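These notes are about the structure you will find just below.
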Amino acid sequence: MTDSAFRAMSVEEYLRTEEQGVLKHEYVNGFMYALHGQAGASDAHATITGNVFAALRLLARRQSCFAYAADMRVTTADRRTYYYPDVLVTCEPREDDAKFKVAPCLLVEVLSKSTAHTDHNAKYHAYTALPSLQTYLLIEQGERRVYAYGRGDTGWELREYSTEAVPLPCLGASLSLDEIYEDVR
């Protein structure tokens, strides 16, 4: 399937196709989209994703939670959309054959030119509709800046971090910008 040949398909067909395929695709309201950048992310993107995953994996284990990088999907509450976040953390019970998670407490996207619009808009709306989600992080590649959406008393609140550590309520910890940007110029 190519980007120019979209056709409607059921969730079941998407999951079956994705399991048998070579490339990763996200599924949004009946349509499957090839992930851009699948041929290779930038060095900065890969390094940031790895740094965040490494730090979150240890923090998650301390809370009996799990961190996943790039290959685990998350689905929306209505199960009509499936995305591959760069990093996700969930405290839901682990199942070895699970292909997606339904209750993440933390989702992370590393921004790139090809994904920033989707990450800031479509994914923001899909992710923040998940009752379990406490924090959604958007991480810049070209500068030390993290946009953190956190669930507040009156809804979702946005904070920007460029020097101080980013709080992670579901893990009872924080993530420093030095950890996020280690080895990134």
Task: Alpha carbon convex hull of the chain, projected area averaged over orientations, nm² - done: 10.6
Open item on the list: What aspartates and glutamates does residue 24 reach when the alpha-carbon gap must be under 20 Å and sequence neighbours fewer than 8 apart in one chain are set aside?
Closed with: 3, 12, 13, 43, 71, 86, 96, 97, 109, 119
- [ ] Would you please give the residues with an amide H less than 5 Å from that of residue 101, counting only those at least 5 places away or on a separate chain, with H modeled from the backbone geometry?
- [x] 73, 74, 75
Open item on the list: Using only Cα atoms and rounding to the nearest 10 degrees, what angle (0 to 90) does helix 11-20 make with the longest principal axis of the chain?
Closed with: 80
- [ ] Express the relative contact order of the chain as a whole percentage, based on alpha carbon pairs under 8 Å and six or more residues apart in sequence.
- [x] 17
Task: In degrees, nearest ten, helix 43-62 long axis to first principal axis of the chain (Cα) - done: 70
Open item on the list: Test of understanding: in a Gaussian network model of the chain with alpha carbons linked when under 10 Å, which of 137, 107, 15 would top the mean-square fluctuation ranking?
Closed with: 15
- [ ] Read phi for every residue in segment 138-148 and hand back ³J(HN,Hα) as whole Hz from Karplus 6.51 cos²θ - 1.76 cosθ + 1.60, θ = phi - 60°, with x for Gly and Pro.
- [x] 10, 10, 6, 8, x, 8, 7, 8, 10, 9, 10
Task: Student exercise, the chain dipole from Lys, Arg, Asp, Glu Cβ charges, in Debye to nearest 20 - done: 220
TODO: For residue 174, list long-range residues whose amide hydrogen, built 1.01 Å from N in the peptide plane, is under 5 Å from its own amide hydrogen.
DONE: 168
TODO: Would you kindly derive the ³J(HN,Hα) couplings of segment 108-115 from the backbone phi angles with the Karplus curve 6.51 cos²θ - 1.76 cosθ + 1.60 (θ = phi - 60°), listing them in order in whole Hz, with x for Gly and Pro?
DONE: 10, 10, 8, 6, 9, 4, 7, 10
TODO: Compute the distance in nm between two label points, each set 7 Å from the Cα along the Cα-to-Cβ direction, one at residue 100 and one at residue 143.
DONE: 3.5
Task: Two-site label geometry, residue 78 and residue 129: point separation in nm, points 7 Å out along Cα→Cβ - done: 0.5
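Readers should treat all values here as calculations from the given coordinates under stated rules, not as data from a laboratory. None of these values were measured; they are calculated from a predicted model. Because the Cβ atoms are built from the backbone with ideal geometry, glycine has one as well, and the counts that use them run over all protein chains shown.
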